[in-house]
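Bear in mind these aren't lab numbers, they're just calculated from the coordinates by the rules spelled out. Just so it is clear, the model here is predicted, and its values are computed rather than measured. Methodologically, a virtual Cβ is constructed for each residue, glycine included, from the backbone with ideal geometry; neighbour enumeration extends over all protein chains shown.
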Amino acid sequence: MPRIALVTYDSGPEPSKDRDLPVLVRALREAGAEAVAVPWDDPGADWGGFDLAVIRSTWDYSWRAEEFGAWVERCGKLTRLANPPEIVRWNADKRYLGDLAAAGVPVVPTRYIAPGEPADLTDHPEYVVKPTSGAGARFAARYTRDEHDTAVRQLERMHAEGFTAMVQPYMRSIDTAGERALQFFGGSLLHAGVKGAVLAPGTPYDADKVAHPDLRPWEPTAAELAVAERALDAVPGGTEPLYARVDLVTGPDGEPCVMELELIEPNLFLWLHPDSVPRVVRAVLAAAG
Ligand SMILES: Nc1ncnc2c1ncn2[C@@H]1O[C@H](COP(=O)(O)OP(=O)(O)O)[C@@H](O)[C@H]1O
Ligand SMILES: [Mg+2]
């Protein structure tokens with residue numbers, strides 16, 4: 001009977017926001033595994049007692065990136081961790097978009113401004129400033145040219161907190177066509193969804209944002225699948241990720257490009273695609289074996 005940890009966050013007295021977790025725990029148990037949800041920062045967790053630890057919803061990690069990084073390395077030595085530490089490490093810094101671009105994968109054009117570098121904001125009429133480490137659109141905002149001073153203040157605040165900033169053109173197509181999330185599990189496409197734009201004009205960068213507004217199922221196009229697969233082929237390290245979500249937007253040329261490649265703790269949105277549960281279970285059991 002394989003012992004499997006589904007790694008989550010400690011939601012405290014609040015109910016967990018991970019709707020997939022109870023579904024997965026139940027389905028894995030029905031399939032004969034011993035499955036438990038364990039918060040990544042549980043001091044009593046015996047990681048070495050599991051055959052496999054699958055990172056599922058460690059959704060507080062970007063607030064505690066260093067601590068989480070240390071946990072990943074430690075846990076990866078005690079048990080088989082999915083995704084493996086080298087993939088998590090690479091994916092925790094959005095400068096990976098540069099690696100994807102270097103491998104010929106179309107990505108949202110991105111410039112990076114590290115602390116100490118000049119606040120050289122962009123020539124685009126409308127642009128996004130966000131940190132290279134983050135999730136849930138935390139610290140992300142969009143600006144027009146006449147909001148330059150506010151953008152500089154955000155940049156200075158991010159730099160003061162030690163973040164490197166990334167600057168991108170605002171991808172206008174997201175307002176009409178949304179952002180497509182292609183979910184992979186066990187090496188193949190599981191399902192996809194499309195969500196609306198997160199950054200409404202004028203949203204302050206430190207506002208809480210709705211991470212997946214207006215989410216609904218989506219049938220990916222051949223071009224989207226091709227870009228997503230190219231992005232996955234460019235993941236370094238030679239081990240195939242157990243799970244991946246590729247977020248795509250349509251570029252000005254009408255072609256899909258990568259907004260984000262999520263290899264750490266993607267929401268699987270199984271409630272949107274209940275038929276996917278048995279495939280996830282099979283892939284997790286195979287990874288545990
Ligand atoms: N360049 C951009 N153009 C349009 N919208 C953007 C851009 N960058 C970010 N956003 C919006 O902000 C959200 C969060 O940004 P993202 O890069 O996916 O970071 P994360 O999801 O890790 O916080 C995106 O889903 C999208 O709605
Ligand atoms: Mg995102």
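From the residues Tyr170, Val194, Leu28, which one has its Cα farthest along the dipole of the chain in the positive direction, the dipole being from +1 and -1 charges on Cβ of Lys/Arg and Asp/Glu about the Cα centre?
Projecting each Cα onto the dipole axis, the largest value belongs to Leu28.
Any lysines with Cα under 23 Å of the Lys17 Cα? List them, leaving off those in the same chain fewer than 8 positions away.
Partners found: Lys195, Lys209.
Over the alpha-carbon set of segment 140-289, divide Rg by the Kirkwood Rh and report the Rg/Rh ratio to two decimals.
That ratio is 1.01, to two decimals.
Taking the Cβ of each residue in Thr110, Thr203, Thr58 as the centre, tally the other Cβ atoms inside 10 Å and list the residues starting with the fewest. Intermediate results must be reported in sequence, preceding the final value.
Details: Thr110 19, Thr203 15, Thr58 23.
So the ranking, lowest neighbour count to highest, is Thr203, Thr110, Thr58.
With runs of 4+ DSSP H residues as the only contributors, calculate the mean residue ellipticity of the chain at 222 nm using -39,500 (n - 2.57) per run, divided by the residue total and rounded to the nearest 500. The partial results should precede the final answer.
On the way: 8 runs with 81 residues, N = 289.
Taken over the chain, the calculation gives -8500 deg cm²/dmol.
Tilt of helix 148-160 relative to the longest C-alpha principal axis of the chain, in degrees (0 to 90, nearest 10)?
Rounded to the nearest ten degrees, it is 40.
What do you get for Rg/Rh of the chain when both radii come from the Cα atoms and Rh is the Kirkwood radius? Please list the in-between numbers first.
Values: Rg = 18.9 Å, Rh = 19.7 Å.
Ratio of gyration radius to Kirkwood radius: 0.96.
Could you tell me how many degrees, from 0 to 90 and to the nearest 10, lie between the Cα long axis of helix 20-30 and the main elongation axis, the longest principal axis, of the Cα atoms of the chain?
That helix lies at roughly 20 degrees to the long axis.
Once the Cα atoms of helix 277-288 and of the chain are each reduced to a long axis, what angle between those two axes, in degrees from 0 to 90 to the nearest 10, is obtained?
Taking Cα atoms only, the helix is inclined about 70 degrees.
So how do Ile264, Ile113, Ile174 line up by other beta-carbon neighbours within 10 Å, fewest first? Please list the in-between numbers first.
Values: Ile264 23, Ile113 20, Ile174 17.
So the ranking, lowest neighbour count to highest, is Ile174, Ile113, Ile264.
If you plug each phi of segment 107-121 into the Karplus form 6.51 cos²θ - 1.76 cosθ + 1.60 with θ = phi - 60°, what whole-Hz ³J(HN,Hα) values come out, in order, with x for Gly and Pro?
10, 4, x, 9, 10, 10, 10, 7, x, x, 8, x, 6, 8, 7
At what distance in angstrom do the alpha carbon centres of segment 1-71 and segment 142-177 lie from each other?
First find each Cα centre; the distance between them is then 33 Å.
What ³J(HN,Hα) values, in whole Hz, does the Karplus curve 6.51 cos²θ - 1.76 cosθ + 1.60 give for segment 54-69 when θ = phi - 60°, with x put for Gly and Pro?
3J(HN,Hα) across segment 54-69, in whole Hz: 9, 5, 10, 8, 7, 6, 9, 5, 6, 7, 10, 4, 5, 4, 5, x.
Based on Cα coordinates alone, diagonalise the gyration tensor for segment 111-169, multiply each eigenvalue by 5, take square roots, and list the semi-axes in whole Å, largest first. Before the final figure, lay out the partial values.
Details: eigenvalues 52, 32, 20 Å².
Semi-axes from the Cα gyration tensor: 16, 13, 10 Å.
By its C-alpha gyration tensor, with a ≥ b ≥ c as the square roots of the eigenvalues, how is segment 1-84 shaped: rounded for a/c under 1.5, else prolate for a/b larger than b/c, else oblate? Please list the in-between numbers first.
On the way: a/c = 2.03, a/b = 1.16, b/c = 1.75.
Judged from the Cα gyration tensor, segment 1-84 comes out oblate (a/c at least 1.5, b/c at or above a/b).
When only Cα pairs under 8 Å and 6 or more residues apart are kept, what is the percent relative contact order across the chain?
Working: 538 pairs, mean separation 59.9, N = 289.
Relative contact order comes out at 21 percent.
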